[in-house]
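The next block holds one structure in the form of structure tokens; read it before the comments.
All of the numbers you see were taken from the coordinates with simple rules; none came from a lab. On a predicted model such as this, the values are computed, not experimentally measured, just so you know. Backbone-built Cβ (ideal geometry, glycine too); neighbour counts: all protein chains shown.
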Amino acid sequence: MLSHVTLCTNDLPAALALYDRLLAPLAITRHETSLDPGMAGYALAAEGTPQFWLMRPIDGRPATVGNGVTVVFEAADRATVDAVHAAGIAAGGRDEGSPGLRPHYHADL
């Protein structure tokens, strides 16, 4: 259904450092990087076609928080979910709640 997801950032090097660590437990790695104009693509190691992108805003204006935006990466099991959460927090990320079931969204979420 989706071709790709793009998140914009005002600090691409910091975002790359965060997502490199955050996505590693999911076997999602950075495949393409261009610091000018400022973008990087991530893909499952086995597939190689980036479907998740980080970039500076194309219009040159500052990126702003997308309140209500949710991007969910599929994990093989709960242990991997916990590893991704821990990697994200260790890399400086913040959460709005620890990993756990959210059955009001989906039986496996």
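With the helix formula -39500 (n - 2.57) applied to DSSP H stretches of n ≥ 4, the chain reaches a computed 222 nm mean residue ellipticity of -7000 deg cm²/dmol. Remark: F73, F52 ranked as F73, F52, counting other beta-carbon atoms within 10 Å and listing the fewest first.
In loop segments of the range 26-109 as defined by DSSP, the GluC sites (Glu not before Pro) with at most 11 further C-beta atoms inside 10 Å of their C-beta are E47, E74, E96.
Can you give the relative contact order of the chain as a percent, counting alpha carbon pairs under 8 Å and 6+ residues apart? Contact order relative to length: 28 percent. Roughly what angle does helix 78-90 make with the longest principal axis of the chain, taking Cα atoms, 0 to 90 degrees, to the nearest 10? On a 0 to 90 degree scale, this one is about 40. Note on percent of Cα pairs over 16 Å apart: of the candidates (i) 54; (ii) 62; (iii) 66, the value calculated from this structure sits at (ii). Between A86, A27, A46, the GNM of the chain built on Cα springs shorter than 10 angstrom shows A46 fluctuating the most.
The charge dipole of the chain, taken about the Cα centre with unit charges on the Cβ atoms of Lys, Arg (+1) and Asp, Glu (-1), comes to about 160 debye, rounded to the nearest 20.
Sum up the charges of everything whose Cβ sits under 11 Å from the Cβ of L54, counting Lys and Arg as +1 and Asp and Glu as -1, but leave L54 out. Counting the neighbours of L54, the net charge comes to -1.
Given their separation in residues at 0.36 nm each and the Cα-Cα distance between them, H31 and V71 gain 12.5 nm when the chain is fully extended.
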